[in-house]
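No value in this document is a laboratory result; all are computed from the given coordinates. Please read all numbers here as calculations on a predicted model, not as lab measurements. Every residue, glycine among them, receives a Cβ derived from its backbone with ideal geometry; neighbour counts consider all protein chains shown.
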Amino acid sequence: MPCEVKHRFVVLFGSQKGQAQAIAEGIAEEAEEHGLTADLSCLDQNEKYNLETEHAPVIFVTSTTGDGEPPDNALKFVRRIKKNTLSSDHYKHLCFALLALGDTNYANFCNCGKTIERRLQDLGAKQFYPTGYADDGVGLEVVIDPWIRGLWDAIKEALSKMASGRTALLKENDDSAKEIPDIQLNILSIADEKRCEPVGSSLSTDKHASSPAVTDLKPAASAGSSGLPSLSSSISTPTTCNDTVPSVKLAPSLTCSLPPLSTSSLNVPALPPPYLDVTFQKVDTMEQMAGPLNKETLHEVPISKAVQLSRDDSVKTALLLELDISAYPTMIYQPGDSFDVFCPNTEEEVDKMLCRLNLQDQKTHRVHVTLQQETKKKGAQLPPHVPQNVSLLFLFTWCLEIRSVPKKALLRALVEHTADGAHRRRLQELCSKQGAADYNLYVRDPSLSVLELLTAFPSCSPPLSLLIEHLPKLQPRPYSAASSCLKHPGKLCFVFNLVELPACCGRPAGRRGLCTGWLFDRISPGLVVPGKAESSSIPSLPKIHVSLRPNCSFRPPPHPSVPFIMVGPGTGVAPFIGFLQQREEERKENPEAAFGETWLFFGCRHRDKDYLFREDLENLVSSGTLTHLKVCFSRDHQEDEDAVAPATQPRYVQHNLLLNSQKVTDVLFRQNGSIYVCGDAKNMAKDINETLVEIIKAELHVDQLEAMKKLAELREEKRYLQDIWG
């Protein structure tokens, strides 16, 4: 008998931290259950696929990074399809579907996915299934699971139409749209009439809401999925927090639940197939490796100065570090650029992890990672961030993000290595559809680390190979340059707050942010603290590994006559110090040139505790470099510089923007100026955006929709730029 021919489709992914890749791999693996076969490739592996000649359906899964930018491994693809030389029918033969990952805490939500979708349509490609917009702000699975559930019938229908010779693909009102479960009211938003309707663009922002589509999904029998996109088993074993002490009033926690969850049947993800083998090689001497392996773009530079900018009694500790980059003439940066700091996992946490895995005696052994020959994982490959033949200690110190929040696929895999029945049940709950709210509450929202999770479940004993499969790469931490090469040649400054994570369920004691805590511990002996006498013999400061990240958009206007507005509360003022230092030097070099107005809206809690760069800013105003300085103090009740009455004193930067709405509008719409926003994405950036809409409505006498359109035009023209973080 002839072999059955399986219909083929293509899965392409762009992923910065591995989430989009895991989802794409899950789709490829689940294809077998539906009688399909999938060709899986990363978007930068253009030697493995060819969209110019591809006639099978193509599934794109892509995340968004930075300020709406493509992941590193999708950047070349996006640039390629955006070439102006491509004709409008370049991809007329192509049919595709797209799943975009993003976070609504950031302004350019799912921007990479939207860019790919829009550009493919411009080039003649047709969608056979509505786009899914998954929001990490409320939980990616709320959109991902039902989107994938409806994908299979849509692929089969597209393949059927291709086979029958019909070239017209699914339209806006095609039945495939009905395959997507109604996640919640208004989940299908109205898009361009020529496009399929997107999924997930109008989600509730309640992080603990449970979607009907999530709990109503039926389990699908699959042993070969990554665990993210499909469901595999129904579990009904009830559990309680403490059956032996009925008189104690119980409360749910990380390690236990109460009815109805504890007595519910559970739909849990499919078990991710293992794909790595790990062996150790004992060596006579331990190799001394003091930092990351990639030396091509990394520079080990000394810290030349460390200054505490805030007072000791301030709520947050703000620090400024000055790096001496004079030995690296290629490290040329512009105002607005940022750079990466490569920091290791803490020695204490690495030791705890090795002890937890019973591997402390092997910490100096070399680790050799290979692919399992019989693995069922589709497209299995060695993790690129795991080098060969480094010590186990180096692997956990510099390569793996042991503070990463465990994904549900990892929780599902840990179930198989957990001895205690109650612990197994609780891990199943946390990765199930029914336990989505508990996962958010006890794991995701408090940023619980893998180590903290393993500590909370002592009967769980995962093998090293499982952690290497699931732990992402230890990512460098980005910081904005807070200086100008013109003013301080050979120096690079940056500012940060010492991050403090509070104690929570699963974290008995608080902990510091990984990079900020590491930096603080290294510089504290030589730290200059305001109000304290400087030591006559300051201890030498250490070296750190850094790499420049040029930002071609978040920069002052190229022509000095263009006015611009800067909004940067707290440490968000950092890049604007570089802007203004650059402007100060340019004015000295060209005293006769015409320079546009500069506005800075700065805010902090207390004038006398955390008014960062106060003396510098006041000097910049005196010299005329900074035309308007508008400051506010959210916890003070005194009058500010502009003599605003206490009753109407602005508390936050957006209040000062409103007080100067006429001037702001004049700069942006009559003088064609620019506005820059730097700081917190979750609260401040959203508030600024809403305030700008209100200002445009009031000053230009337009309605809400028109005001939003005008603000969007500023973004498109690169005159409304953000440098924000979560």
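Numbers at a glance
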| quantity | calculated |
| --- | --- |
| Ranked packing of 469-481, 317-329, 72-84, 382-394, most packed first, by mean Cβ within 10 Å | 469-481, 317-329, 382-394, 72-84 |
| Sequence-distant residues sharing a close amide H with Ser338 (under 5 Å, placed H) | Ala481, Arg549, Asn551 |
| Stretch gain in nm, segment Asp324-His55, where the contour uses 0.36 nm per residue and the Cα spacing is subtracted | 91.4 nm |
| Ordering of 543-549, 267-273 by burial proxy (mean other Cβ atoms within 10 Å per residue, highest first) | 267-273, 543-549 |
| Fewest-first ranking of Phe613, Phe9, using other Cβ atoms within 10 Å as the exposure measure | Phe613, Phe9 |
| Theoretical FRET efficiency, 1/(1+(r/R0)^6), r = Cβ-Cβ of Lys17 and Gln662, R0 60 Å, to 0.05 | 0.85 |
| Nearest-20 debye value, segment 411-567 charge dipole, Cβ charges on Lys, Arg, Asp, Glu | 460 |
| Förster radius 30 Å - calculated FRET efficiency between Asp72 and Lys682, Cβ distance, rounded to 0.05 | 0.80 |
| Per-residue ³J(HN,Hα) for segment 61-68, Karplus 6.51 cos²θ - 1.76 cosθ + 1.60, θ = phi - 60°, Hz, x for Gly and Pro | 10, 9, 9, 10, 10, x, 8, x |
| Protection proxy ranking of 94-102, 496-504, 26-34 - average other beta-carbon atoms within 10 Å, highest first | 94-102, 26-34, 496-504 |
| Set Lys377/Lys473; Lys305/Lys588; Lys17/Lys161; Lys82/Lys709 screened for pairs whose C-alpha atoms are more than 28 Å apart | Lys17/Lys161 |
| Computed lengthening from Ala594 to Arg79, 0.36 nm per intervening residue step minus Cα-Cα distance | 181.8 nm |
| Computed over segment 365-404, the ratio Rg/Rh where both radii use C-alpha atoms and Rh is Kirkwood | 1.02 |
| Calculated from backbone phi, Karplus (6.51, -1.76, 1.60) coupling profile of segment 604-616 in Hz, x at Gly/Pro | 7, 6, 10, 4, 9, 10, 9, 7, 5, 6, 4, 5, 4 |
| Nitroxide proxy distance, nm - points 7 Å out along Cα→Cβ at Glu300 and His488 | 2.4 |
| FRET efficiency for Met708 and Lys282, using Cβ-Cβ distance with R0 set to 56 Å, rounded to 0.05 | 0.30 |
| Spatial separation of Cα centroids for segment 353-369 and segment 49-122, in angstrom | 41 |
| Dipole of segment 564-725, positive end: most advanced residue of Ala594, Leu629, Ile695 [Cβ charges, Cα centre] | Ile695 |
| Segment Ser561-Glu416, length gained on full extension (0.36 nm per residue, minus Cα span) | 45.7 nm |
| Cross-link table Lys682/Lys718; Lys282/Lys407; Lys487/Lys630; Lys316/Lys363, entries beyond 26 Å C-alpha to C-alpha | Lys282/Lys407; Lys316/Lys363 |
| Spin-label model distance (nm) - Arg670 vs Arg587, 7 Å beyond Cα toward Cβ | 2.3 |
| P(r) tail fraction, segment 564-725 - alpha-carbon pairs more than 19 Å apart, % | 55 |
